[in-house]
Amino acid sequence: MKINVTKSSLPLYKEYCEEIKDIWDNYCLTNNGPKHNKLEEEISKYLEVENTTLFVNGHSALEIAIEAFNFPKGSEIITTPFTFVSTTNAIVRNGLKPVFCDINRNNYTIDVTKIESLITKKTVAIVPVHVYGNVCDVEGIEKIAKKHNLKVIYDAAHAFGVKFKGKGISNWGDVSMFSFHATKVFNTIEGGALCYSDKALKAKYNSIKNFGLNGNEDCDFVGCNAKMNEFAASMGLCNLRHIDEYISRRKRVVEHYKSKLSNIHGIVLLKEQEQTISNYAYFPVLFENYKYDRDQIMNNLEKSGVGSRKYFYPCTNEFSSLKMYDFNNTPVAKEIANEILCLPLYPDLSFEEIENICKIILS
Ligand SMILES: *Cc1c(COP(=O)(O)O)cnc(C)c1O
């Protein structure tokens, strides 16, 4: 048996070749070409959001989302450490200070009951994470943000296609970042996007991702280069045609796992969220007082050729580069990080493979 924790979704070889063919007619390889522009439009439609700006990757998109608000240097941003290190890095690389808020035990997103006690005069924004595609308490966050006049910038890297109360998830908050990395539910090889309602942000994002140039022989910002190229956008156009099928096949996998691992002492699975359409991005399992600990399970799987991932371990506030911002505010996040394991999940994982994986865990 050889099973990786994930397997990138690819369209048929022929479909991709067909998609990139006209690049040999127009010689447009990058700089917001026709594929890029078409993909922006189609993603806005698919995610049911007014505006989309594409980027070379999700991390750059998040960094630029924060940069574009022009917060005074040294301002504080409330976020969680139970995430990929990109989230925290995007804050620190903007010269801002991450203030770590704990997560809740139900779905591992930010614990909204703990946000207000962390707000100071320097707080300018909240950067919550829809971790594993789980929807944060978007309404609770909105209330707090309005009351204290804070921006809300979602790390929605995991949440492509997720809906809450009948609306695309990026309709909450000022702006949401999606990652289109090869390992994500929807990929453009490498890529990312910002989705938002305020049209005024569009010109700013476009300028920052293109060195700050404004098209009039001048620069408005000290920008960088974070544009998505036409080959990546072509991959996106192909994968987007199949995204509903990818997600429904992921759902099948998750349901089969659940049928095998539910109601077992010491194994905690995520509960489905109410009024939410999931994208089945990950299958995290918590081993809490189970007969084996998380690391033993991971090793046993590894011995049988099954990859799993300690996603997320450690918390970002335990990294050498970031632990100076840790003030021991996040005991729940640290506990969950020690017990969580993501099992293999991709659209064509077979029932037989799932059953073999579960057998190893249970035996
Ligand atoms: C993948 C990911 C990112 C970064 O996205 P890239 O496209 O890889 O740059 C940021 N945050 C989270 C939570 C992620 O999983």
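Side notes on the structure shown:
- Among the residues listed as 186, 211, 178, the single one being more than 10 Å from the ligand (Cβ to nearest atom) and under 29 Å from residue 10 (Cβ atoms): 186
- Any hit, region 231-246, residues being surrounded by 14 or more Cβ atoms within 10 Å (Cβ to Cβ), over 25 Å from residue 131 (Cα atoms), of a type in the set (Val, Ile, Thr) and modelled with pLDDT of 95 or more: no
- Of all residue pairs spaced 6 or more apart or on separate chains, those with beta-carbon atoms under 7 Å, a first member in region 157-186 that is closer than 15 Å to residue 40 by Cα and open to solvent by less than 20 Å² (accessible area, probe 1.4 Å) and a second member that is within 14 Å of the ligand (Cβ to nearest atom) and of a type in the set (Ser, Thr, Tyr) are 170/176; 176/154; 177/154; 180/188.
- Test result for residue 137, in contact with a helix residue (DSSP H, G or I) (Cβ under 8 Å, 6 or more places away or on another chain), of a type outside the set (S, T, N, Q), more than 15 Å from the ligand (Cβ to nearest atom) and open to solvent by 30 Å² or more (accessible area, probe 1.4 Å): yes
The rows are residues; the columns are (1) assigned to a loop (DSSP other than H, G, I, E, B); (2) surrounded by 15 or more Cβ atoms within 10 Å (Cβ to Cβ); (3) touching a helix residue (DSSP H, G or I) at 6+ places or on another chain (Cβ under 6 Å).
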| site | (1), (2), (3) |
| --- | --- |
| 268 | no, yes, no |
| 273 | yes, yes, no |
| 280 | yes, yes, yes |
| 285 | no, yes, no |
| 291 | yes, no, no |
| 296 | no, no, no |
| 299 | no, no, no |
| 302 | no, no, no |
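- Region 37-75 - residue that is open to solvent by less than 30 Å² (accessible area, probe 1.4 Å) and of a type in the set (Val, Ile, Thr) and, of those, nearest to residue 96 (Cα to Cα): 66
- Of all residues in region 24-53, those satisfying the criterion of being among the aliphatic types (A, V, I, L, M) and touching a Gly at 6+ places or on another chain (Cβ under 8 Å) are 39, 43, 47, 49.
- Restricting region 189-200 to residues that are at negative phi and open to solvent by 20 Å² or more (accessible area, probe 1.4 Å), the residue that is nearest to the ligand (Cβ to nearest atom) is 190.
- Meets criteria (at positive phi and touching a residue at least 60 places away in the same chain (Cβ under 8 Å)) for residue 19: no
- Where a residue in region 38-51 is more than 16 Å from residue 198 (Cα to Cα) and its partner, wherever it lies, is of a type in the set (Gly, Ala, Ser), with Cβ under 8 Å and at least six apart: 38/233; 39/233; 39/236; 43/193; 43/236; 46/161
- Residues that are under 28 Å from residue 75 (Cβ atoms) and acidic (Asp, Glu), drawn from region 143-192: 155, 174
- Subset of region 106-134 [in contact with a helix residue (DSSP H, G or I) (Cβ under 6 Å, 6 or more places away or on another chain), within 24 Å of residue 341 (Cα to Cα) and more than 16 Å from the ligand (Cβ to nearest atom)]: none
- Leading residue by the ranking (nearest to residue 270 (Cα to Cα)) among those in region 320-345 that are part of a helix (DSSP H, G or I) and open to solvent by less than 10 Å² (accessible area, probe 1.4 Å): 336
- Residues located in region 16-36, provided they are over 19 Å from residue 190 (Cα atoms), among the acidic types (Asp, Glu) and either open to solvent by less than 60 Å² (accessible area, probe 1.4 Å) or part of a helix (DSSP H, G or I) (or both): 18, 25
- Test: residue in region 114-134 that is in a loop (DSSP other than H, G, I, E, B), at pLDDT below 95 and over 13 Å from the mean Cα position of the chain (by Cα): no
The values are calculated or read from the model by the stated rules, or taken from the named source; none is laboratory data. Given the structure is predicted, the values throughout are model-derived calculations rather than measurements. We place every Cβ from the backbone using ideal geometry, glycine too, and count neighbours over all the protein chains shown. Heavy atoms of the whole protein, side chains included, go into the accessibility calculation; ligands, DNA and RNA do not. Shrake-Rupley method; radii C 1.70, N 1.55, O 1.52, S 1.80 Å.
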